[in-house]
1. Which whole-number percentage describes the relative contact order of chain B, with Cα contacts under 8 Å and a sequence gap of 6 or more?
2. Round to the nearest 10 and give me the degree value, 0 to 90, for the angle of helix B:120-133's Cα axis relative to the longest principal axis of chain B.
3. Quick check: the distance between the Cα centres of the stretch B:98-145 and the stretch A:50-64, to the nearest angstrom?
4. How well do other chains shield peptide B:12-19, expressed as the mean number of their Cβ atoms within 10 Å of each residue Cβ?
5. So what's the angle, to the nearest 10 degrees on a 0 to 90 scale, between helix B:246-263 and the longest Cα principal axis of chain B?
6. As a test of the formula, what do you get for chain B when each DSSP H run with n ≥ 4 contributes -39,500 (n - 2.57) and the sum is divided by the residue count, at 222 nm and rounded to the nearest 500 deg cm²/dmol?
7. If each residue's Cβ is checked for other Cβ atoms within 10 Å, how do A:95, B:217 rank with the fewest at the top?
8. Quick check: pseudo-label points 7 Å beyond the Cα along Cα→Cβ at residue B:116 and residue A:167, how many nm apart are they?
């Protein structure tokens, strides 16, 4: 009978983390930030059908980077969790914090117990009635939850994009200003990104019930050229 | 509440009702063996839907009765199902309101999971399946008989569907009614309906139909001018589901009463 080689747990975790990180860095980046009337989510995504940004509930949205099939599976689990919770209790009782914790548990479980970690970074955001109540939860492949203030960047060369967003971000900016800053940060100094390469959606603070709204490419082109 | 996660072969897809069956026990209403005394629970009554030039008008009175008691004066029986459709209910109020809640959620859940909206016919079929699921309760006396109406964005036209307790789904061309006052309401609509009516004419007709139903049927409530309770009336057009405000309804009832005074 052959014995498996001993591998130190530190090494196992490091290998898995490296594997997941490599998969996530291979894709393009996504920026989430608050603006005066809500939360803006902006991703570099040439596909109009395979969304990185989606609606979860009345005031909650989801964004994912990395392997599409994996974050889409997480997105659907989130919609199910939120709809079941709203049905059992009340629509007001569905919140992003509990959803983020659920995601963290699930990702943590998969990271430690499965052969392959999920190659995803996800963002769960909730728009408040007032700007101070806006919430951005960034959840990593290993289940680490980061409660972000104002803005966050996921995927691709996240560190470089984050530095660019940090340099240009203004709290309480109007939508078109925030959008242009986000697109500029995604593109960097050497490229320009057009409406055809972007996926943009907002959580509109003042909407009656469902706050999530996709911005069509036609509207996007207009917002970018103003 | 744990996050629901399914293996690929076992996934319930965009069906919320199926998801609910997988995650929670069945409701007690489906496990009853003897009929419940109908005076012990509330019944909702008359609803009318009429097709007109721009779409559909739906309306329902506000009375709920338990036997010969008026159990509620302000019950609502007309609801938006989603942006471009609405549902009006008659029958046992508890299961009916619950069915509407589940139906609204089913449509929204499908839209979010799939990323696209169900066709109007697809929505009507979903409601039909829910009514069929309620058949054991219907045989105990707790029937739910809704009307489903919506604006079909593909055809650019309003459409109406009526149902029976077995989940049978029947599309109506011009108008339909449900509930205990349906006979009187339908007669009024039938005698006065004409093709391509305007919004104003249709709303006045629907109010007249409810007025006459309330006049003949004790379970249907008329406008309550003292408490300022009026029927729920909504239009469903290319602009979506829009509920009429009470000021407009008060004004229309005032002129209806004037007309009735003048002719009698």
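1. Normalised by residue count, the contact order of chain B is 25 percent.
2. Taking Cα atoms only, the helix is inclined about 80 degrees.
3. 25 Å
4. Average per residue, whole number: 2.
5. 40 degrees
6. It comes out at -11500 deg cm²/dmol, rounded to the nearest 500.
7. Fewest-to-most Cβ neighbours within 10 Å comes out as A:95, B:217.
8. In this crude spin-label approximation the distance works out to 4.3 nm.
Since every read-out is calculated from the coordinates, none of them should be taken as a lab result. Bear in mind the structure is a predicted one, so any value in this text is a computation, not a measurement. Every residue, glycine as well, gets a Cβ built from its backbone with ideal geometry; the counts of neighbours run over all protein chains shown.
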